[in-house]
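To start, the structure itself, in structure tokens.
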Amino acid sequence: MLSSKPFSRKFYSQASPIVAQRLLGSHLHRVIDGEQLIGRIVETEAYGIGDEACHAFRGKTPRNAIMFGEGGFSYVYFTYGMHHCFNVTANQEGMAEAVLIRAVEPVEGIEKMQVLRWGGGGAAHHALQKRDLTNGPGKLCQAFGLTRSDNGIDLIESEELFITSARPVAPNLIGVSSRIGINVAKHYPWRFFIKGNEFVSRGKPSS
DNA sequence: AAGGCGATTGCCT
DNA sequence: GGCAATCGCCTTT
């Protein structure tokens, strides 16, 4: 693997659409049960100031509080009664923004991810559909064992959850679209993905 | 105190 | 493509 290092506070302090684009191609690291998991980020969405789809739009609440602090912290929330979504907070203190990690490509620890997703027996059943492992926000949280107890982790300081930079994805290989699965503020072109990557979620048509 | 609905997924038709 | 699952959060009485 290319030499890489965790992103700095300064990096996460940029506006969410910038952070979202720059995260493409970088590596999400997670240590769970003593095992190292790594995923290459291939799809992200930005949520920002004045954005009605942003959880922080209507002010600070217990759930979204972490977004109001400095950038570079995990924001993990539970939704639909059964799924989790993993975000990275962006921008500076008081500027509540975040980037949703929508999909990653497994790089290391694939067997552990399969166990976390489907259990020991289910892995074989899904063996021919590797892409189902992490091609969606809820799926990657399950594969990486991320839950609400992982909310509020400092990604600059933690050794169990952090993101390392990698060779930037060429601009012509970055796709842009409106965001998926929301019913307000659909016009923002704030979904970013690596063109042609098989782990990019299909989602639903968002317009 | 109660009800609506969600930054989703997977199964069914 | 449509829709149920399933529950915590937030808004409204």
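No lab work stands behind these numbers, since they all come straight from the coordinates. Predicted, not measured: the structure shown is a model, and the values here were computed from it. All Cβ positions, glycine included, derive from the backbone under ideal geometry; neighbour counts span all protein chains shown.
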Once you have a ≥ b ≥ c as the square roots of the Cα gyration tensor eigenvalues for chain A, tell me rounded if a/c is under 1.5, and otherwise prolate or oblate according to whether a/b is larger than b/c.
-> rounded
Put +1 on the Cβ of each Lys and Arg and -1 on the Cβ of each Asp and Glu in chain A; which of A:Ala20, A:Ala185, A:Thr164 then has its Cα farthest toward the positive end of the dipole?
-> A:Ala185
For peptides A:65-72, A:138-145, A:40-47, sequence by mean Cβ density within 10 Å, most packed first = A:40-47, A:138-145, A:65-72
With the dipole of region A:9-194 worked out from charges on the C-beta (+1 for Lys and Arg, -1 for Asp and Glu) around the Cα centre, which of A:Gly94, A:His29, A:Tyr80 lies farthest toward the positive end?
-> A:Tyr80
Quickly estimate the mean residue ellipticity at 222 nm for chain A, helices only: each DSSP H run with n ≥ 4 gives -39500 (n - 2.57), and the total goes over all residues, rounded to 500.
-> -4500 deg cm²/dmol
Could you work out how far helix A:110-125 tilts from the main Cα principal axis of chain A, as a 0 to 90 degree angle to the nearest 10?
-> 50 degrees
Could you name the lysines in cross-link range of A:Lys139, using Cα to Cα under 27 Å and dropping any fewer than eight places away on the same chain?
-> A:Lys5, A:Lys112, A:Lys130, A:Lys186, A:Lys195, A:Lys204
So, with points 7 Å from each Cα along the Cβ direction, the A:His83-A:Lys5 label distance in nm works out to 3.7 nm
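Report, in debye and to the nearest 20, how large the dipole of region A:9-194 comes out about its Cα centre when Lys and Arg carry +1 and Asp and Glu carry -1 on their Cβ. Don't skip to the end; give the middle numbers.
Details: 19 positive and 18 negative charges, 106 e Å.
Approximately 520 debye in magnitude.
Could you tell me the calculated FRET efficiency between A:Glu93 and A:Thr147, based on Cβ-Cβ distance and R0 = 35 angstrom, to the nearest 0.05? If you can, show how the numbers build up before the last one.
Numbers: r = 26 Å, r/R0 = 0.73.
The formula returns an efficiency of 0.85 here.
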